[in-house]
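Input: a single structure, listed below in structure tokens.
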Amino acid sequence: MSAARYDAIVVGAGAGGGVTAAILAEAGKRVLLLERGQDLTFTAIGRDHLRNQRLSQYGNNAGPDLDGHPRVAVDADGRERLVRPHEGGYQNNAAIVGGGTRVYGAQAWRFLPDDFRMATVYGVPTGSSLADWPLDYAELASHYERAEWELGVAGDGAASADLLPRERDYPMPPLPPTAQSRVLRRGADALGWATTPVPLLINSEPRDGRAACIRCQHCVGFACPVEAKNGTHNTLIPRALATGNCDLVTGATAARVATDRVGRAIGVDYFDRDETPQEVRAEVVILAAGAVETARLLLNSATTREPTGLGNGGDQVGRHLQGHAYTGVNARFAEPIYDGLGPGVSIATLRFNHGNDGIIGGGMLADEFILLPIIFQKRYLPPNLPRWGAVNKAFMREAYRYVTDVKGPTQEIPHPDGRVTLDPTVRDRWGLPVARFSGATHPETVRTATFLQDRAREWLDAAGAIQTWSTPPRPRLAAGQHQAGTCRMGDDPRTSVVDRWCRVHGHDNLFIADGSPHVTNGGVNPVLTILALAYRTAEGILRAW
């Protein structure tokens, strides 16, 4: 049983929570790190091609459990449906020590300078909630660098230095190129497009006592067999525990942030792995449960002083939910293009993140991670091909090594009605109201995604594709493992939830350290920004202590 009193309680042992716990514990603070999932072994996570975080249609491998954790999704016509963690629309993020960093693809991009001032650059589209961040790239640059070096990123800083100013290169060189990246480079060169190796939180050489990547075929969606994939589970959280100042409690589901009579946060009430209610108290509380569960926790912590939820005086908690609208094109080549060497993703262009005539924002385009045969069969077949039978089998056998794609995340234009609320009737296994999703992304996001899809096809055609196919982008609510925006950062409590130091407005000792504060979510993967913001937040907490 853990002690009842701490200096700080951190809810969520993922990217931001792991960083925050380590920085505070190494500063001598007594920290409790609560994680609703388990600290699973590599064997327990497994390599089931049908049940994993990349393809969860038949189950997942990194939590949460399929039973007892429902959510409710509402479509554009107002139809409600109950969704379980392995079903589409759940917006699932791994529930495990390390969070998504245990099973992610580990793309380690910095947001671009213009990502922090989208409203200034483009104006505010009608019906959107597009806004500038209250801080800029320069304020976060040193924290990006710290994350790259303390966790370990492999990349080539010089290749993108004109877009991403940096003081120091990555600590490791990029992973070797794949066969598909060499073909795609040929196409980019023909078009005159600049490319860069994809920066990855993966060891390209032995580092910190852990091996280099062995280039297996089970990277994204699975745990690394040699711990070459760098997440908080094998970097920051072990550092926190090594201090003797941090207690990690798994199987702990936070029920509410406890407050005193004047509204100040005093701790967290949670259910332990035996479903027994527990109360712990602390001077500081940091929420790092992901943009969905952090918003839900604030809403579930309503009091008589704040009847709509903590920090929700401006009705902003849960709004502006973003993930990434992924768009891309599949292509078949006359030559073998797939060499089966992981992680797979290795070449990208940032050319279309900004500066596209008539387009708001943009995004990154890159090749894809390793394609397991079942994912190839479900997501990469031409639309006119039968989904079973002899013709299907022949295509799988003959085309598997000849097909690739180019895709990437589109910078979403936030919409105030894309949101997380509490469902009025559905409860989880502990009797707590569950997250309810409603709304969709803004129409400008669809337009930008369509533009990027056209550029992906242009790239593949220039590389020599003999056949291309795709699905047109459509409006939908997307969050998933890139979830962000539900507790946005800002100076005005009427339009934001946290201040520039990620402190909840009106609560001097309640902070958020995940993707929730992101005002916009960039046109690249957001994990490095979550890590960098967590470093900055933890340092700010210590200065104010």
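Read the figures in this text as sums done on the coordinates, not as results from a lab. Just so we're clear, the structure is a prediction, and the values are computed from it rather than from any experiment. We place every Cβ from the backbone using ideal geometry, glycine too, and count neighbours over all the protein chains shown.
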**Report entry** Loop trypsin sites (Lys or Arg not before Pro), segment 4-85, which have at most 10 other Cβ atoms in a 10 Å radius of their Cβ (DSSP)
**Finding:** 79
Report summary line: Around residue 219 (Cβ within 13 Å, Cβ-to-Cβ, excluding residue 219; K/R +1, D/E -1) the net charge comes to +3
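Tell me the trypsin sites (Lys or Arg not before Pro) within segment 277-341 that lie in a loop according to DSSP and have at most 14 other beta-carbon atoms within 10 Å.
In loop regions of segment 277-341 (DSSP not H, G, I, E or B), the sparsely surrounded trypsin sites (Lys or Arg not before Pro) are 305.
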Report summary line: The simple spin-label model distance between residue 167 and residue 149, using points 7 Å out along Cα→Cβ, in nm, is 0.8
Report summary line: Result row for the chain, helices from DSSP H with C-alpha axial extent 18 Å or more and mean Kyte hydropathy at least -0.5, is 179-191, 527-544
Query raised in the report: For segment 349-415, what's the radius of gyration and Dmax over Cα atoms, in angstrom?
Result: 16.4, 47
Query - segment 207-259 pair-distance distribution - Cα-Cα, 5 Å bins, rounded % - result: 4, 15, 19, 16, 17, 13, 9, 4, 3, 1
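Relative contact order of segment 317-471, please, whole-number percent, based on alpha carbon pairs below 8 angstrom and at least 6 residues apart. Each step should come with its number before you reach the end.
Values: 270 pairs, mean separation 60.7, N = 155.
So the answer I get is 39 percent.
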Report summary line: Length gained if residue 500 through residue 276 is fully extended, taking 0.36 nm per residue and subtracting the Cα-Cα distance, is 77.0 nm
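Given the rule -39500 (n - 2.57) for each run of at least 4 DSSP H residues, summed and divided by the residues of the chain, what is its mean residue ellipticity at 222 nm, to the nearest 500 deg cm²/dmol?
For the chain, the value works out to -6500 deg cm²/dmol.
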Query - Extended-chain gain in nm, criterion 0.36 nm per residue less alpha-carbon gap, residue 226 and residue 542 - result: 110.3 nm
**Report entry** FRET efficiency, 1/(1 + (r/R0)^6) with R0 45 Å, evaluated for residue 139 and residue 335 via beta carbons
**Finding:** 0.45
Query raised in the report: Given that compact globular proteins tend to follow 2.2 N^0.38 Å, what is the ratio of the alpha-carbon Rg of segment 1-104 to that value?
Result: 1.28
**Report entry** Using distinct alpha-carbon pairs, which all enter the 1/r mean, Kirkwood radius of the chain in Å
**Finding:** 23.4
Report summary line: From fewest to most C-beta neighbours within 10 Å, the residues 459, 388 line up as 388, 459
Report summary line: Here, trypsin sites (Lys or Arg not before Pro) of segment 360-393 satisfying both criteria (DSSP loop; at most 13 other Cβ within 10 Å) are 387
Requested in this report: Calculate, in nm to one decimal, what residue 308 and residue 264 gain on full extension: separation in residues at 0.36 nm each, minus their alpha carbon distance.
Outcome: 14.3 nm
Query raised in the report: Separation of segment 438-514 and segment 1-58 by C-alpha centroid, Å?
Result: 25
Query raised in the report: After finding the eigenvalues of the alpha carbon gyration tensor for segment 313-401, what semi-axes result from the square roots of 5 times each, listed largest first in whole Å?
Result: 34, 19, 14
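Among 67, 367, 77, rank each residue by its count of other Cβ atoms within 10 Å, from fewest to most, as a rough exposure measure.
77, 67, 367
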Report summary line: With residue 38 itself left out, Lys, Arg at +1 and Asp, Glu at -1 over residues whose Cβ is under 13 Å from its Cβ give -1
Query raised in the report: Near residue 157, within a Cβ-to-Cβ distance under 15 Å, what is the net charge of the other residues, with Lys and Arg +1 and Asp and Glu -1?
Result: -2
